[in-house]
Amino acid sequence: MVMMKEKRENMERKKLLIHICCAPCLIAPLQHLQQEDEFDIRGLWFNPNIHPYQENQKRLHTLQEYASDVDLNLIIKDEYDLQGFLRQVAFREGDRCRICYHMRLNYAAIIAAKGGFDYYTTTLLYSKFQKHDLIKEIGEACGKEHGVKFLYRDFRNYWKEGIELSKNIEMYRQQYCGCIYSEKDRYMATPKRGEDENR
Ligand code: SF4
């Protein structure tokens with residue numbers, strides 16, 4: 001055991017940039033990555049898909065508070081390009097998650113490559129509600145394009161654990177994914193047949 005510890009201390013940890021979609025999705029993946037003891041981890045906030053503005057800022061401030069509690073350094077790109085996001089998905093709303101993942105992971109890969117990180121990954125891989133395989137595919141493609149490895153982990157295995165941890169510390173937990181379309185899906189009752197579906 002002592003030899004293993006000495007070996008680890010002598011080894012240089014790999015630099016890992018983790019793109020963070022929100023604080024509740026960070027807790028369990030971060031704890032498990034820290035337990036692996038292989039990485040020097042830094043967080044990245046870049047989520048211009050989260051609407052409206054007050055919700056965007058609430059999620060950012062929740063993350064900042066948590067990151068400060070667990071000593072995680074953050075790179076913050078506090079951008080709220082509502083128009084840019086809507087223009088990208090207009091008339092392609094059905095494929096909006098692909099566009100949204102690409103926008104965020106492409107930026108994360110660029111920052112990771114510029115910052116000399118060995119790997120990058122994302123907390124999007126934690127959610128059971130996201131298109132997991134698509135995130136993996138886009139993460140790997142963006143990594144390849146910008147010359148940084150995408151660290152794939154199935155963080156969904158820690159789903160329950162992460163929820164409990166966030167509840168225990170009374171962390172703000174949002175009720176919808178992020179964009180205004182997802183807000184509508186979450187809160188608006190499905191119209192009955194014959195009702196105006198574009199209300
Ligand atoms: S539902 Fe979520 S992942 Fe999909 S476009 Fe909206 S914010 Fe992005």
Filter the range 83-109 for residues that are buried (at least 17 other Cβ atoms within 10 Å of the Cβ) and over 15 Å from the mean Cα position of the chain (by Cα); the one that is nearest to the ligand (Cβ to nearest atom) is R96
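Residues that are of a type outside the set (D, E, K, R), within 12 Å of the ligand (Cβ to nearest atom) and at pLDDT 95 or above: which helices (runs of 4 or more DSSP H) entirely in the range 118-199 hold 3 or more of them? Steps first, please.
Values: elements: 132-146, 159-168, 180-187.
Of the helices (runs of 4 or more DSSP H) lying wholly inside the range 118-199, those with at least 3 residues that are of a type outside the set (D, E, K, R), within 12 Å of the ligand (Cβ to nearest atom) and at pLDDT 95 or above span 132-146, 180-187.
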Screening P48, P52 for residues that are within 16 Å of the ligand (Cβ to nearest atom), under 13 Å from the mean Cα position of the chain (by Cα), under 18 Å from E183 (Cα atoms) and modelled with pLDDT of 95 or more leaves only P48
Considering only helices (runs of 4 or more DSSP H) wholly within the range 9-114, the ones with at least 1 residues that are in contact with an Asp or Glu (Cβ under 7 Å, 6 or more places away or on another chain) and closer than 28 Å to E164 by Cα are 23-36, 53-69
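The values are calculated or read from the model by the stated rules, or taken from the named source; none is laboratory data. Please read these numbers as outputs of a predicted model, since none were measured by experiment. Reconstructed Cβ throughout: ideal geometry from the backbone, glycine too, with neighbour counts over all protein chains shown.
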